[in-house]
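Engineer: Have a look at this one before I ask anything.
The values are calculated or read from the model by the stated rules, or taken from the named source; none is laboratory data. The structure presented is a predicted model; accordingly, all values stated were derived computationally and were not measured. With ideal geometry, Cβ positions are generated from the backbone for all residues, glycine too; neighbour counts draw on all protein chains shown. Calculation scope for accessible area: heavy atoms of the full protein, side chains included, ligands and nucleic acids excluded. Shrake-Rupley method; radii C 1.70, N 1.55, O 1.52, S 1.80 Å.
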Amino acid sequence: MSSALEGQKRIKCAEADAYMKNGDKAAKKTLFNWKPEFDVAAAEYDKAAIIYRNFKEYDKAIFAFNKASDCFYKFGTLFNSASALEAIGAIYRDKGEYDQSVEFFRRSKDVFMEADNADRAATALTKAARAVQDTNVNEAVSLYKDALELQLEAERFHMMGDSWRAAVALMAKNERFDDMIETLKKIFPMFDKLEQVRKYSKHERSTLHYLSVGAGFACIEAYRS
């Protein structure tokens, strides 16, 4: 890193440190502050976290996002609380710490559901699945399934495209044909509800091709049944 960039990093991280102190002050009761100002604290922690993340001070960013999430939650801003947890999941993913990444994506999903936002909850699970699909296929498949179930239960069919395509592609690549059939049997009826019959036919033909190449005709018959 050049000296100019190092100087900019020192200045911005000092700014972030000041935001953290402001957050700590707002989150505490004092003689003149009868109750914690969790909304103020959350905003200060969030600003600090973004700066730390931008300058790759990941441990500090995780700490700040955690504090922001806690304060957002206590103030009742559940969506922002979940978003901060999701940001931590993304940082752990980028660091290659996939177990921690999945843990925080799952936690963000739980808070998004508390906020009655099934779309973002499913997105968090999809991000978790993508984080581990190259290292832990079993967990990735399970996460994709959970994401799809959330969207199916909420009847958010128009939001499912990325999730189910990624899930089916992973299952096909790893010859998880039973999982693929189970998933597609749940997914295909949504095309009727969306009045997308042509897409149904197209994807069904693609599915039969996958199965014929990878799993043989017995698997095709199982799918058709």
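Engineer: Across the range 44-74, what is the total count of residues that are under 14 Å from Glu15 (Cβ atoms) and either in contact (Cβ under 8 Å) with a residue 40 or more places away in the chain or open to solvent by 30 Å² or more (accessible area, probe 1.4 Å) (or both)?
Structural biologist: Qualifying residue count, the range 44-74: 9.
Engineer: Does Tyr19 satisfy the criteria of being farther than 20 Å from Ala124 by Cβ, modelled with pLDDT of 95 or more and part of a helix (DSSP H, G or I)?
Structural biologist: yes
Engineer: Within the range 117-141, which residues are within 12 Å of Arg106 (Cα to Cα) and among the polar types (S, T, N, Q)?
Structural biologist: Hits for the range 117-141 are Thr123, Thr126.
Here's the yes/no breakdown for (1) assigned to a helix (DSSP H, G or I); (2) farther than 14 Å from Ser83 by Cβ; (3) of a type in the set (Gly, Ala, Ser):
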residue	(1), (2), (3)
Gly7	yes, yes, yes
Glu15	yes, yes, no
Ala42	yes, no, yes
Tyr52	yes, yes, no
Lys60	yes, yes, no
Phe63	yes, yes, no
Ala68	yes, no, yes
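Engineer: How many residues are in contact (Cβ under 8 Å) with a residue 24 or more places away in the chain and under 16 Å from Asn117 (Cβ atoms) when one looks only at the range 90-106?
Structural biologist: So the count comes out to 1.
Engineer: Now, a different point. Would you mention how many residues in the range 85-114 are closer than 25 Å to Thr135 by Cα and either aromatic (Phe, Trp, Tyr) or open to solvent by less than 20 Å² (accessible area, probe 1.4 Å) (or both)?
Structural biologist: Number of matching residues: 13.
Engineer: If you check Asn33 against the conditions, is it open to solvent by less than 60 Å² (accessible area, probe 1.4 Å), at pLDDT below 95 and of a type outside the set (A, V, I, L, M)?
Structural biologist: The answer is yes for Asn33.
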